[in-house]
Amino acid sequence: MKRNEEIMEILEAFDLTGGYRAAAELAGCDHHTVARYVALRETGQPPVAREHRARPIDDYLDKIEELVVRSDGRVRADVVHERIAAMGFTGGERTTRRTVAEVKARLRAGQRPVFRPWVVEPGLWLQWDWGEGPRVNGRRTNLWCAWLAWSRFRVVLAVWDRTLPTITACMDTTLRCLGGVPTYALTDNERTVSVDHVAGIAVRHPEIVAVGRHYGMTIRICVPADPQSKGGSEATVRIAKADLVPTAANLLEDYRTFSQLETACREFCEQVNARPHRETRRAPAEMLAEERTRLHPLPTQPFTVAFGTTRRVNWDSTVSVDGVRYSVPHQLVDTRVWVRFHGDDLVITAVGENGPGEVARHARSTPRTPSIQPDHYPPPTAAASAAGERVPRASSAAEVEFLALGPGAASWLVEAAGSGARGVRRKMAEAVALAKLHPPGEVDRALGTAAVAGRFAENDVLRILAHQAGRDIGKPIIRASETHSLQPGTAAWSGFGVTPAAPPEPDHDPAGEPT
């Protein structure tokens, strides 16, 4: 069988020479071949059309079609080859694979669905779907991906799970980002939304129906296993995962904390909603401003029934659940939060300016074993971190003057009180008096040095201040070297154990007088 290019060269050679043999010699083929293609062209038939030649596998074509139809196009070619080989087919497996591929292509062409273009209407449809997010400290996360159909506005949120309370919180946050409520919300067939299917009709979860009724919105279910019916949210999931999940293609680094992932999601939404969309040639944020006029008003209070039971945050920034205290961010002291158990985790939800959201998550604990997370409390000051105790707070004018010298004074007070030094108040007054004669910064430095060295005796601060000022340079400084050592010698031990000699008698002159 000639290729299309070869056929066109044969016809061109015939037009040039006008003879079959001359054209065959010029094109490098048989003259009968030239005559056949020229006859096809003169009768109006396409000369490049392939004519079907009888093949040995044609006798088994009916069986192949039967196997492909029975398996709905899922049967493997090697399985088909075994079946027809047992029936007497002697051809190769390559021929069987080609024939099975042709039959499957014809089957798909006959079953291909036909879609009518969807003309969207503003304020009508919202779609949402889930995507698998990146792992944070080895823990799996999820991406809530919502898409407003007419304006193409996208909202992507990072969450830990896909439970019904999480869906409710994400729904409220999404609607507050949109500034209104659309008429319908379309989603997939998850157990949190549809509990069963009867005769092809989805039975909705009672709680999700209550959520939709609270916001004045009808929640619809897409056709099972048909992603084309909610392609907008499917595309949002694909784009979000490509930009947020670290892969070798985007060269993103792993997220160390969950807050970093939340920040990345906010930046992603700002970016995709600010650039012009390929279909509308307008920015989704700009079109959302127009679509808000067609959205329904948003309820003032969010739907909180699904978040669990309510708790009041105590003064120590904890809530009590089943006799166990769990910490929450200190900004929520004396406010109301919702708690619920999800598996072995306690999830704490609070309602803020942007709607409800998860504020804390703890592993389930037991009584007398509170679960406290340090990041829920403000960081201690430098003095408290160094001393491990409470920060000094002035209650009199003298204390105000002393602590105003700087952090060294606060450290001196904490260390002096801890060591049981005497006359602390008098020494504080002396330090304030020194600050009037010397720069306050030098006095504070001397106090800090005294605190580190544990020098709290009389005039210790004055001596340290003088040393730091360089007023003791006139004193001789002896340093160890090769020619002089500070190690005491052994010369004093040289006469140890030796009897001293008797003193010599004085000499006398002849007159008997001493000399």
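The values are calculated or read from the model by the stated rules, or taken from the named source; none is laboratory data. A quick note: this is a predicted structure, and the numbers were derived from the prediction, not measured. Note that each Cβ is placed from the backbone with ideal geometry, even for glycine, and that neighbours are counted across all protein chains shown.
Some observations on this one:
- Region 272-292 residues that are under 19 Å from Gly179 (Cα atoms), paired with ones that are among the polar types (S, T, N, Q) and assigned to a helix (DSSP H, G or I) (beta carbon under 8 Å, 6 or more apart): Ala283/Asn273; Pro284/Asn273; Ala285/Asn273; Leu288/Asn273
- Failed condition for Ser371, given (1) surrounded by fewer than 12 Cβ atoms within 10 Å (Cβ to Cβ); (2) modelled with pLDDT of 90 or more: (1)
A quick yes/no check of all residues on (1) surrounded by fewer than 18 Cβ atoms within 10 Å (Cβ to Cβ); (2) modelled with pLDDT under 90; (3) assigned to a helix (DSSP H, G or I):
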site	(1), (2), (3)
Thr449	no, no, yes
Arg463	yes, yes, yes
His467	yes, yes, yes
Pro476	yes, yes, no
Ala480	yes, yes, no
Thr483	yes, yes, no
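- Some residue of region 195-215 being within 24 Å of Ala285 (Cα to Cα), outside the structural domain of Arg340 (by TED's automatic domain parsing) and of a type outside the set (Asp, Glu): yes
- Selection from region 69-99 of residues that are under 16 Å from Gln111 (Cα atoms) and out of contact with any Leu (no Cβ under 6 Å at 6 or more places or on another chain): Val69, Arg70, Ser71, Asp72, Arg74
- Residue in region 175-185 that is nearest to Val209 (Cα to Cα), counting only those that are out of contact with any helix residue (DSSP H, G or I) (no Cβ under 8 Å at 6 or more places or on another chain) and either crowded, with 24+ Cβ neighbours inside 10 Å or among the aromatic types (Phe, Trp, Tyr) (or both): Tyr184
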